[in-house]
Each structure stands twice: as C-alpha cells, then as structure tokens.
1. Which pairs turn up if I take residues in region 17-35 that are closer than 15 Å to ALA48 by Cβ and look for partners that are small (Gly, Ala, Ser) and part of a strand (DSSP E or B) with beta carbon separation below 6 Å, at least 6 apart in sequence or on another chain?
2. Just to be sure, is GLY98 closer than 28 Å to ARG152 by Cα, out of contact with any helix residue (DSSP H, G or I) (no Cβ under 7 Å at 6 or more places or on another chain) and either modelled with pLDDT of 95 or more or within 11 Å of ligand 1 (Cβ to nearest atom) (or both)?
3. In the list LEU123, LEU93, which residue meets the criterion of being surrounded by 10 or more Cβ atoms within 10 Å (Cβ to Cβ), in contact with a strand residue (DSSP E or B) (Cβ under 9 Å, 6 or more places away or on another chain) and not assigned by TED's automatic domain parsing to the domain that holds ASP14?
4. Regarding GLY114, is this residue within 16 Å of ligand 1 (Cβ to nearest atom) and touching an Asp or Glu at 6+ places or on another chain (Cβ under 6 Å)?
5. Take the conditions away from ligand 1 (no atom under 16 Å from the Cβ), surrounded by fewer than 18 Cβ atoms within 10 Å (Cβ to Cβ), in contact (Cβ under 8 Å) with a residue 40 or more places away in the chain and farther than 16 Å from ILE12 by Cβ and apply them to GLU143. Does it pass?
6. Return the pairs, sorted by first residue and then second, in which the second residue is part of a loop (DSSP other than H, G, I, E, B) and of a type in the set (S, T, N, Q), the first residue lies in region 85-114 and is under 18 Å from LEU49 (Cα atoms) and more than 16 Å from ligand 2 (Cβ to nearest atom), the beta carbons are less than 6 Å apart, and the residues are 6+ apart or on different chains.
7. Could you tell me which numbered condition CYS66 fails, if it satisfies all but one of (1) closer than 24 Å to ASN108 by Cβ; (2) under 15 Å from the mean Cα position of the chain (by Cα); (3) crowded, with 20+ Cβ neighbours inside 10 Å?
8. Of the residues that make up region 28-45, is at least one surrounded by 14 or more Cβ atoms within 10 Å (Cβ to Cβ), more than 10 Å from ligand 1 (Cβ to nearest atom) and basic (Lys, Arg)?
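The values are calculated or read from the model by the stated rules, or taken from the named source; none is laboratory data. Given the structure is predicted, the values throughout are model-derived calculations rather than measurements. Note: ideal-geometry Cβ built from the backbone for every residue, glycine included; neighbour counts use all protein chains shown.
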Amino acid sequence: MIVADRKHVPEIRDMIKNHRRVLLVGCGTCVTVCLAGGERETGILGSALRMSLKLIGNRGTTVDECTIERQCEDAFIDALAPRVAEYDAICSLGCGAGVQALAEHFPNTPVYPGLNTQFMGILQSQGVWAEKCAGCGNCRLGEFAGICPITRCAKRQLNRPWRIA
Ligand code: SF4
Ligand code: SF4
C-alpha cells in the first residue's frame, strides 16, 4: 500500500490561489486506505481551502472536489476529462504516480500535488503505517531474510552484519 501524508493547507492554498477554478481530485484506492486522499479527506481539504482562501482575502478562487477510483489508470482518468475541461487547475490527492498521470493526461491544465508520498508500507495498528519498501528498483530481500535493508536499517546499509548463504 502506498502511504502518503497531506500537505499543510497553507502550502496547497498558495499553490492554487492564483487560479480561478480549481478541481481537487481524490484517489479512491491506496490513499483512501491510509486516510490521506480519499473522498472524505478530499471533501475536508476542499472546505479547509475555501476557508483559508477567504482568510487571506481571496474571493476569486473557486474550489470543487471529486474523487476517482484510481488516478494511475487511464480508464478512470478518461472519465474525468469532461469535468476537468471546466477548471483552470487540478490539485491531486493521489500519490506521486497519480499526480504525474493526471499531468500527462491534461497537459494544458496545471496539476499540483496535495500529498507528500512517503513509502510503501503495511498497517501496523490503527492509523500507524510501517515503512516496508522504498521502491529502490533492486530488491535484495532474498539476501536479507525478507527484511528490507533500505527501509528497515537506520543507516540504509547494504554491507549487512550477516547474510543468508
Ligand atoms: S494513483 Fe497512487 S494512490 Fe492512487 S491508486 Fe494509483 S498508486 Fe494508489
Ligand atoms: S530492497 Fe527494500 S526498498 Fe528495495 S525493492 Fe526490496 S523491499 Fe523495496
């Protein structure tokens, strides 16, 4: 599961504040499970942004929300196209892959990231995700007894104190 945290509201507000109509797009899969960018979080962020924009005296930016099943899959992004045509900018609450997929699909519309993608992990206890994989591209779990040396060694060392023969 990809784990992400939402950026702070003022950071997102400052990215979008010069646009007239902004569509917040949530993602209904990984980031829904980690409570960062699903439908509920997208609605909450939309309200927070509208309030934050008002507080800085911005009356010209409209923020609306929607959520699609997966931002990394063409079929779901294609269905979003008619909606995107009504907006000047998108703020994605998908992981980095989702943000880039939207940016590739809608090259004439600026796409901003609403989340900070952290890692791939598993749920340890309610609301606590353990980092298990950083997607290093050269998986060494076979040499390390199934323990990731990148994410689970504080020094990220590959010269290991022991090794499976
Ligand atoms: S865009 Fe990212 S968060 Fe959304 S489903 Fe795809 S991998 Fe998961
Ligand atoms: S070594 Fe660790 S970071 Fe690299 S692919 Fe394997 S699990 Fe992921």
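1. From region 17-35, the pairs are VAL22/ALA89.
2. Criteria met by GLY98.
3. LEU123
4. Taking the combined requirement at face value, the residue does not satisfy it.
5. no
6. That search, which allows pairs on different chains as well, returns ILE90/THR109; GLY94/GLN71.
7. With respect to (1) closer than 24 Å to ASN108 by Cβ; (2) under 15 Å from the mean Cα position of the chain (by Cα); (3) crowded, with 20+ Cβ neighbours inside 10 Å, CYS66 is out only on (3).
8. Within region 28-45, not a single residue is surrounded by 14 or more Cβ atoms within 10 Å (Cβ to Cβ), more than 10 Å from ligand 1 (Cβ to nearest atom) and basic (Lys, Arg).
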